[in-house]
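Asker: Have a look at this one before I ask anything.
The values are calculated or read from the model by the stated rules, or taken from the named source; none is laboratory data. These numbers come from a predicted model, not from an experiment. Note that each Cβ is placed from the backbone with ideal geometry, even for glycine, and that neighbours are counted across all protein chains shown. Ligands, DNA and RNA are stripped out before the accessible areas are found, and what is left, the full protein with its side chains, is counted by its heavy atoms. Shrake-Rupley method; radii C 1.70, N 1.55, O 1.52, S 1.80 Å.
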Amino acid sequence: MAEKLLIFGPPGSGKGTQAAIIGQSRQLAHVSTGDMLRAAMAAGTELGKRVKDVVDRGDLVTDDLMLALVEDRLEQADAKGGFLLDGFPRTLAQAEGLARVLTKAGTHLDAVIILDVDDDELVKRAMARGRADDSEKTVQHRLDVYRGQTEPVLGFFEGKVRFCRVDGVGNIEEITERIERGLDAEHQY
Ligand code: AMP
């Protein structure tokens, strides 16, 4: 079965870590838009140069650019066997664009995984992580962007796609276990 999943959670919630693990265990293409943008920046491609300032500030790259990037990625062979989207969609326009792309391809999402972590814990974790775009101000800004623009996107999926909401505080294995259990449960809306 070509499972199509999306993982949703604030910056620093561990969604990248969990997406990599779950992607591997369920044999899904892990499509992380943050990783794609960081790879483009590291390689110094046109895309990388174009997005660098925006990413460094913790702002969002434009919806058109992100949609084109994801649409291309989902057309690659590995994604045909199922995928796990990580870091996309982050705005309502992206969610609507994704829905159009999936409908055109005659498919739909099977579940949205939501990692719940509160803001105090997130700031603490981000400061410990020390990524280039992780200064305290940027961390707080990314959180504000998430709460303001990304979290409301869940409303778009509510009632349309199964929600698998888990507590994102704990050790990595525990959280993976919670997600796997939630995904394999027959009913959980
Ligand atoms: P992430 O690794 O998912 O936290 O993404 C790192 C940064 O890449 C974000 O802070 C944004 O600047 C940018 N980015 C990643 N995904 C998206 C997206 N779907 N829409 C807009 N910007 C994005």
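Asker: Please give the contour-minus-distance gain from LYS80 to ASN171: 0.36 nm per residue of separation, less the Cα-Cα distance, rounded to one decimal in nm.
Answerer: Taking LYS80 through ASN171 to full extension adds about 29.6 nm, to one decimal.
Asker: Rounded to whole Å, give me the distance from the Cα center of segment 126-175 to that of segment 51-65.
Answerer: Each part reduced to its Cα centre gives a spacing of 17 Å.
Asker: Taking amide H atoms as placed 1.01 Å from N in the peptide plane, list the residues 5 or more away in sequence, or in a different chain, whose amide H sits under 5 Å from that of ARG162.
Answerer: Residues meeting the amide H criterion: VAL112.
Asker: Please report Rg (one decimal) and Dmax (integer) in Å for the Cα set of the chain.
Answerer: Radius of gyration, then largest Cα-Cα span, for the chain: 15.8, 45 Å.
Asker: Provide the per-residue ³J(HN,Hα) series for segment 72-77, in order, calculated from phi with Karplus coefficients 6.51, -1.76, 1.60 and θ = phi - 60°, each as a whole number of Hz, with x at glycine and proline positions.
Answerer: With coefficients 6.51, -1.76 and 1.60, one gets 4, 5, 6, 7, 5, 3 Hz.
Asker: For segment 1-81, state the semi-axes of the equivalent ellipsoid (square roots of 5 times the eigenvalues of the alpha-carbon gyration tensor), sorted largest first and rounded to whole angstrom.
Answerer: After diagonalising the Cα gyration tensor, the semi-axes are 23, 16, 11 Å.
Asker: Now, a different point. Quick one: putting +1 on the C-beta of Lys and Arg, -1 on the C-beta of Asp and Glu, what dipole do you get for segment 90-160 around its Cα centre, in Debye to the nearest 20?
Answerer: Computed about the Cα centre, the dipole is about 360 debye.
Asker: Only four residue types carry charge here, +1 at the Cβ of Lys and Arg and -1 at the Cβ of Asp and Glu. Report the dipole size of segment 4-185 about the Cα centre in Debye, rounded to the nearest 20.
Answerer: Rounded to the nearest 20 debye, it is 320 debye.
Asker: What value, in deg cm²/dmol to 500, does the helix sum -39500 (n - 2.57) over DSSP H runs of n ≥ 4 give at 222 nm once divided by the residues of the chain?
Answerer: -15500 deg cm²/dmol
Asker: Also, I was wondering about something else. Which residues' amide hydrogens lie under 5 Å from the amide hydrogen of VAL61, considering only partners 5 or more residues apart or on another chain, with H built in the peptide plane?
Answerer: When sequence neighbours closer than 5 places are left aside, there are no close amide H contacts.
Asker: Also: Hey, what's the Cα Rg ratio for segment 134-181 versus the globular rule of thumb, 2.2 N^0.38 Å?
Answerer: Normalised Rg, Cα atoms only: 1.47.
Asker: In Å², what does the accessible area per residue of segment 85-189 work out to with a 1.4 Å probe?
Answerer: Result: 55 Å² per residue.
Asker: While we're on this one: Shape of segment 94-189 from its Cα gyration tensor (a ≥ b ≥ c, root eigenvalues): rounded if a/c is under 1.5, otherwise prolate when a/b > b/c, or oblate?
Answerer: The shape class here is oblate.
Asker: A further question on this structure: Residue farthest toward the positive end of the dipole of the chain, with Cβ of Lys/Arg at +1 and Asp/Glu at -1: which of SER135, LEU28, VAL51?
Answerer: VAL51
Asker: Which of the lysines could a cross-linker span from LYS137 if the Cα-Cα distance has to be under 20 Å and same-chain partners fewer than 8 positions apart are dropped?
Answerer: Counting by Cα, and skipping residues close in sequence, LYS137 has these lysines nearby: LYS52, LYS124.
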